[in-house]
Amino acid sequence: MNDVEGWQVRVLFDGDCPLCRREIELLERIDGGRGRLDCEDISLPGFDPGRYGLDHDQLMARIHGVLPDGTIVRDMEVFRRAYGAVGLGWLVAPTRWPFFRRLFDAAYGVFARNRLRWTGRGDDCASGACATRRTPASG
């Protein structure tokens, strides 16, 4: 898989999430500048989720990835693709096995539902401050 030219998955991640940011930094370090992984921070002003046919709330609810052909992947599949792209597919291979797939997919769902609260941002996002902070200024 690593002999393919260009990026293999674009990860749409929340750069304001400390856990998400650390994971992306780790993956980028492992990629070592080979460009197999493309990461786009959805928390930056001017980020347009509509470019992917998604909205801000969808992106904040769970991790998304984009494949070179434009296909959108979500949840654990993003991690499977990202780790595979940087040469660590063996590490996430068990998450593809039937029993473990259900377990890891469910565990990610729990994380996704709670990550804002667990990273100390639950109150801001519940009040709409996250969306307000991300919306490009109009006019």
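Details
- Some residue of the stretch 4-12 being part of a helix (DSSP H, G or I), under 26 Å from Arg121 (Cα atoms), among the hydrophobic types (A, V, I, L, M, F, W, C) and modelled with pLDDT of 95 or more: no
- Reported count of residues in the stretch 26-61, each being among the acidic types (Asp, Glu) and closer than 19 Å to Gly120 by Cβ, is 1.
- Restricting Val66, Val78 to those that are in contact with a His (Cβ under 9 Å, 6 or more places away or on another chain) and within 12 Å of Val11 (Cβ to Cβ) reduces the list to Val78.
- Among the residues of the stretch 38-93, those that are touching a residue at least 12 places away in the same chain (Cβ under 8 Å), out of contact with any strand residue (DSSP E or B) (no Cβ under 9 Å at 6 or more places or on another chain) and among the small types (Gly, Ala, Ser) comprise Gly46, Ala61, Gly87, Gly89.
For every residue, the table says whether it meets (1) out of contact with any Gly (no Cβ under 9 Å at 6 or more places or on another chain); (2) within 19 Å of Leu103 (Cα to Cα).
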| site | (1), (2) |
| --- | --- |
| Ile24 | no, no |
| Arg51 | yes, no |
| Gln58 | yes, no |
| Glu77 | no, yes |
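- Ala131 surrounded by 12 or more Cβ atoms within 10 Å (Cβ to Cβ), small (Gly, Ala, Ser) and at pLDDT 95 or above: no
- Count of residues meeting criterion [among the small types (Gly, Ala, Ser) and touching a Phe, Trp or Tyr at 6+ places or on another chain (Cβ under 8 Å)] in the stretch 9-40: 1
For every residue, the table says whether it meets (1) of a type outside the set (D, E, K, R); (2) farther than 22 Å from Arg117 by Cα.
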site: Leu12; (1), (2): yes, no
site: Leu19; (1), (2): yes, no
site: Arg22; (1), (2): no, no
site: Leu27; (1), (2): yes, yes
site: Gly35; (1), (2): yes, yes
site: Arg62; (1), (2): no, no
site: Thr71; (1), (2): yes, yes
site: Leu91; (1), (2): yes, yes
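The values are calculated or read from the model by the stated rules, or taken from the named source; none is laboratory data. Everything numeric here is computed off the predicted structure, so don't read it as measured data. Glycine also receives a Cβ, built like all others from the backbone with ideal geometry; neighbour counts cover every protein chain displayed.
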